[in-house]
Amino acid sequence: MKKRLTVVRLDTWYDPAMEMRFGEEPDIELLTCGRSDVAATIGALQRACVYQISSTRSDVPTQLLAGEAILRRCPSILCVSTSGAGHDTVDVAACTAAGVLVVNQAGINARAVAEHTLGVILGLSRRIVESDRRLRRQRGFAREDLMGRDIGGKTLGIVGIGHIGTRVAALAGAFGMEVIACDPYLDDALIAQRGARPVTFDRLLREADFVSLHCPRNSETIGMMDAAAFSRMREGSFFVNTARGGIHDEAALGKALEHGRLAGAAVDVWDTEPPALDHPLLQSDRVIATWHTAGVTHEARRGMASGAADQVVDVLRGRRPPRIVNPQVWDVFRLRLDREVGL
């Protein structure tokens, strides 16, 4: 009889497509464990071969982050699979050292995030949210007091032109925007192929009417948008972050808005999620605030759930999956898989 293969996930929201997909595999068991009972969850992980974990740090208790401590206590884990494109909840270096394969769902929710990005760009430029708020609470103002601007003919600066940034570039181009981009991982020819004119980060800040972040949160990008960066942005421009909290300095953004350097901002990701009700950025009508929902649509969540399950099944069958974060560990992982599970 085949060995029972256990996949453990936390009790964050998942589309039923994941459970349905695993249900098609008679030798794979999906366990959903409570985040509030850390000890019981660790007990389940000690007999699991796959840890399915949220990409969002606020979803995962510190003791359950996929790092050295968990891997040491749960040596049977062969693979860590994140629910989204990011892997903020995973110590990739520790996984690599332990021979644990890390996979994510990069690109699956790109359409959703790109559409959200264009939505808030339109909202900022046309002052849609500001107009809605004002109409609900006062009278005696003229329509011209809330006059916005067309986005056609304006310049959009994309920081990081991967799956999401490429889709944003295409949508912006359809609106007649000029698109520029910087990405240290891509050469100029590839950036141009993805629909943007390549520029340096500094030039992007100086030229763009809208600066939109679509880069990962890592040691190179944390705090990248600080007071100095905001001071280099064009006066009257807009800032958008649908990537990850921590890439921009929230206090510095607040000051740039307060001093009139920026005309507005859209923030989907925060240092602490959700932000406190008295957070200064939430007090400004020039800020469109959402709570890490850019990629949260029915279609995207269904795609992420089924995509994650498909990829885990591939991994457990010894088939190389399409979205590996640490490909250098593949050969070691295959040896561990063969030893622990048998192919």
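Here are the numbers for the structure shown:
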quantity: Considering residues of region 228-246 that are surrounded by fewer than 22 Cβ atoms within 10 Å (Cβ to Cβ) and not polar (S, T, N, Q) only, the residue nearest to G162 (Cα to Cα); calculated: G246
quantity: Selection count where residues are closer than 24 Å to A170 by Cβ, surrounded by fewer than 19 Cβ atoms within 10 Å (Cβ to Cβ) and free of Cβ contacts under 8 Å to residues at least 24 places away in the same chain, scope region 193-227; calculated: 4
quantity: Residues being over 25 Å from the mean Cα position of the chain (by Cα) and either closer than 21 Å to N104 by Cβ or at pLDDT 95 or above (or both) - total across region 1-19; calculated: 2
quantity: Neighbours by Cβ (under 7 Å, 6+ apart or cross-chain): first from region 268-279, within 23 Å of G119 (Cα to Cα); second of a type in the set (F, W, Y) and open to solvent by 30 Å² or more (accessible area, probe 1.4 Å); calculated: E273/W291; P274/W291
quantity: Tabulated pairs, region 281-308, first among the hydroxyl-bearing types (S, T, Y), second open to solvent by 30 Å² or more (accessible area, probe 1.4 Å) and modelled with pLDDT of 95 or more, C-beta under 7 angstrom, 6+ apart or interchain; calculated: S306/R21
quantity: Test: residue in region 317-324 that is farther than 14 Å from V102 by Cβ, out of contact with any Lys or Arg (no Cβ under 7 Å at 6 or more places or on another chain) and small (G, A, S); calculated: no
quantity: Residue under evaluation R137, criteria (1) of a type in the set (D, E, K, R); (2) open to solvent by 60 Å² or more (accessible area, probe 1.4 Å); (3) closer than 27 Å to E29 by Cβ, criterion not met; calculated: (3)
quantity: Residue check for F175: among the hydrophobic types (A, V, I, L, M, F, W, C), open to solvent by 10 Å² or more (accessible area, probe 1.4 Å) and at pLDDT 95 or above; calculated: yes
quantity: Lone qualifier among Q311, Q283 - being surrounded by fewer than 17 Cβ atoms within 10 Å (Cβ to Cβ) and not basic (K, R); calculated: Q283
quantity: Candidate set from region 85-103 (those that are assigned to a loop (DSSP other than H, G, I, E, B) and either touching a Gly at 6+ places or on another chain (Cβ under 7 Å) or open to solvent by 30 Å² or more (accessible area, probe 1.4 Å) (or both)); member that is nearest to L335 (Cα to Cα); calculated: A98
quantity: Residue ID - nearest to E115 (Cα to Cα), chosen from residues in region 173-198 that are touching a helix residue (DSSP H, G or I) at 6+ places or on another chain (Cβ under 7 Å) and hydrophobic (A, V, I, L, M, F, W, C); calculated: V179
quantity: Region 49-59 - residue that is of a type outside the set (F, W, Y) and modelled with pLDDT of 95 or more and, of those, nearest to the chain's Cα centre (by Cα); calculated: I53
quantity: Unmet requirement for R134, which otherwise passes all of (1) under 24 Å from the mean Cα position of the chain (by Cα); (2) farther than 23 Å from V211 by Cβ; (3) in a helix (DSSP H, G or I); calculated: (1)
quantity: Qualifying residue in region 111-120 (condition: aliphatic (A, V, I, L, M), surrounded by 23 or more Cβ atoms within 10 Å (Cβ to Cβ), modelled with pLDDT under 95 and out of contact with any Phe, Trp or Tyr (no Cβ under 8 Å at 6 or more places or on another chain)); calculated: no
quantity: Matching option when the condition is over 30 Å from L30 (Cα atoms), of a type outside the set (D, E, K, R) and modelled with pLDDT under 95, among G254, G260, G264, G295; calculated: G260
quantity: Near pairs, Cβ below 7 angstrom, 6+ apart or cross-chain, from region 138-150 (within 16 Å of S125 (Cβ to Cβ)) to any residue that is open to solvent by 90 Å² or more (accessible area, probe 1.4 Å) and at pLDDT 95 or above; calculated: G148/R126
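The values are calculated or read from the model by the stated rules, or taken from the named source; none is laboratory data. None of these values were measured; they are calculated from a predicted model. Cβ sites come from the backbone with ideal geometry, for glycine too, and all protein chains shown count toward neighbours. Quick note on the areas: whole protein, heavy atoms, side chains included, nothing else; ligands and nucleic acids left out. Shrake-Rupley method; radii C 1.70, N 1.55, O 1.52, S 1.80 Å.
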